[in-house]
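What follows is one structure encoded as structure tokens, with my remarks underneath.
The values are calculated or read from the model by the stated rules, or taken from the named source; none is laboratory data. Source: prediction; values computed, not measured. Every residue, glycine among them, receives a Cβ derived from its backbone with ideal geometry; neighbour counts consider all protein chains shown. Side chains included, ligands, DNA and RNA excluded: accessible areas come from the protein's heavy atoms. Shrake-Rupley method; radii C 1.70, N 1.55, O 1.52, S 1.80 Å.
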Amino acid sequence: MTENKNEGKEQSFLFTPPKEGDSPLLTGEQSEPPFVDVSSNDGEIQQKEVITVGKNKYAVGLFWQPLQDVDDPIPEIRETMEADAGSDLYCIHYGKAPQYGIGKKSKGHAEGISVGGVSVLDALSDKSSFVAIFKVPEGWWFIAVRNDLILPEEDVLYKDEEQAKEAFFSMMAVPDWGYKIAPAEWQIDDTEDLDLIELLKNSFQVRLVSLSAARGTKILLAFAGLILIIVGIIVYFIFMLYDKAATQPMKIEPVQPQAAIQTVEPTREEEKPWEKLVEVNPFLNRCWNYAYQLKSMTVPGWSLNQIVCTPQEITTGWRMSWPRGGRIAWLQSAYEEYKFKDIELNINEAGNSATAVIKYDDLPIIASTPTLSLARIRRELTDISQALNMQISMHPQEVIIGGPTPQQQAAAQPGQQLPQGKVYKFLAFSFSTSMDPLAWESFFDKFAALEIIKIQYNPQSESALTENWSYEGRIYEK
């Protein structure tokens, strides 16, 4: 099976050296990532991405992201909008998997208009993953949902039918779609043709709003919260005074000392390696989000190196690709503009290369008990490799827990009994592909006691078919 999920999706953020006087940072102008059909021959800025369903209008073509902070989403949304020039509208969907979408007035979106992606997601709430093409008066609307999340750049309105078909068939390379929707005249097996008017008739409606409206609501909520705090303080003091008046002085008898109780320290069993694993899906999302943001940074005169994600940090680097136009100040200001937290930026003495480390320790930790033998794990991975027509490298390895430390081994006397560690076996695997981390969530969910050790991404790839993503991990034996 050909891996071309990202075909038509990959956006190029490679910097082209500007002509003298045309630098975006010097002129104050910002560039905007391209859309599928961004312009027409008569000079229109962008394709209007609003569809008509019956008597209603729906905004489509939004950029979707999972919502990390459900209690205070506005700062997170603001950061994403500032990273993409021209973004001025947003919506939030508090469903099974909270997420938000970013819209643009330049694409025909308007404050108060209903969002098509949320309405379809609500109407098909019993389908956690589906891919769909709907024929509408304005063209062909394509949308893909994975694990109750609209994929970031898979909400697109196509004017050309062949482009719509190409996007649909490209997504078919991703396994385990629960539901497929396509026009009947396409005659695609295992698909169903649904009437979009009937589908959205009683669906939940979420509308686009601007950040200014959110600020006003936030001020009112803060004011209401302040009033509640003041009332609470007054009530607290009233009850405290009442209790003080009603309570009589009490005579406290000294406590007689008792014999000390000796506790027996239980023997602590060594922690098994699969009892503290970084949860895979949050790690995949973190790596994908940071890699996208790093690639979207436009720094004149500098070229981005390979991005490496581990469960504890993300590392990358920059090298000066245009000596006459690159400056250290532009590289530093780019990181400040994108507001990366806990970043360590080191620039060499010559000022022509830099490394960056973004540390984090907030990924959830889980315990996952192994269920398969090494032979069964290898057989399952081999079958998947054959189904996807890709090479998966596999090597059995082991780790020792609770054994003697190098210091204990060095200080041991002849005949001294050293602690015996326990050996745990696992199958290490690695592969390269063009498919980004979000596409592999359902693949990794098939295995218990699995951890991802490292993900590498080559942002300089010029083709979506290039194997620019590499994954390394291990699956522990039962």
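Among the residues of region 146-154, is there at least one that is assigned to a loop (DSSP other than H, G, I, E, B), modelled with pLDDT under 95, touching a Pro at 6+ places or on another chain (Cβ under 7 Å) and of a type outside the set (Gly, Ala, Ser)? Within region 146-154 (the criterion being assigned to a loop (DSSP other than H, G, I, E, B), modelled with pLDDT under 95, touching a Pro at 6+ places or on another chain (Cβ under 7 Å) and of a type outside the set (Gly, Ala, Ser)), the answer is no, since none of the residues qualifies. Applying the criterion of being within 8 Å of the chain's Cα centre (by Cα) and open to solvent by 30 Å² or more (accessible area, probe 1.4 Å) to the residues of region 273-289, the residue that is farthest from LYS359 (Cα to Cα) is PRO282.
Checked against the criterion of being open to solvent by less than 20 Å² (accessible area, probe 1.4 Å), small (Gly, Ala, Ser), modelled with pLDDT of 90 or more and under 21 Å from the mean Cα position of the chain (by Cα), the candidates GLY139, GLY101 yield just one match: GLY101. Any idea which of ASP148, ASP176, ASP155, ASP190 is on the phi > 0 side of the Ramachandran plot and touching a helix residue (DSSP H, G or I) at 6+ places or on another chain (Cβ under 6 Å)? Exactly one residue qualifies, and that residue is ASP176. Note on region 396-478: enclosed strands (runs of 3 or more DSSP E) holding 2 or more residues that are at pLDDT 80 or above and small (Gly, Ala, Ser) are 422-433, 469-476. Answer yes if at least one residue in region 342-360 is touching a residue at least 40 places away in the same chain (Cβ under 8 Å) and not in a strand (DSSP E or B), and no otherwise. Looking for residues that are touching a residue at least 40 places away in the same chain (Cβ under 8 Å) and not in a strand (DSSP E or B), one finds at least one in region 342-360, hence yes. Checking the stated criteria, GLY95 turns out not to satisfy the condition of being buried (at least 22 other Cβ atoms within 10 Å of the Cβ) and of a type outside the set (D, E, K, R). Restricting attention to region 117-136, does a residue exist that is within 22 Å of SER212 (Cβ to Cβ), surrounded by fewer than 24 Cβ atoms within 10 Å (Cβ to Cβ) and in contact with a Gly (Cβ under 9 Å, 6 or more places away or on another chain)? Within region 117-136 (the criterion being within 22 Å of SER212 (Cβ to Cβ), surrounded by fewer than 24 Cβ atoms within 10 Å (Cβ to Cβ) and in contact with a Gly (Cβ under 9 Å, 6 or more places away or on another chain)), the answer is no, since none of the residues qualifies. Does PRO396 meet the test of being over 16 Å from LEU284 (Cβ atoms), out of contact with any helix residue (DSSP H, G or I) (no Cβ under 7 Å at 6 or more places or on another chain) and free of Cβ contacts under 8 Å to residues at least 60 places away in the same chain? In short, no. For region 155-174, the criterion of a residue being of a type in the set (A, V, I, L, M), in a strand (DSSP E or B) and either in contact with a Lys or Arg (Cβ under 8 Å, 6 or more places away or on another chain) or open to solvent by less than 40 Å² (accessible area, probe 1.4 Å) (or both) is satisfied by at least one position. Among the numbered conditions (1) farther than 17 Å from GLU138 by Cα; (2) of a type outside the set (Gly, Ala, Ser); (3) assigned to a helix (DSSP H, G or I), the only one that TRP177 does not meet is (3). From the list ALA83, ALA59, the lone residue that is at pLDDT below 90 and within 24 Å of LEU149 (Cβ to Cβ) is ALA83.
Within region 366-373, is there a residue that is touching a strand residue (DSSP E or B) at 6+ places or on another chain (Cβ under 8 Å), small (Gly, Ala, Ser), open to solvent by 50 Å² or more (accessible area, probe 1.4 Å) and farther than 26 Å from GLY473 by Cα?
no
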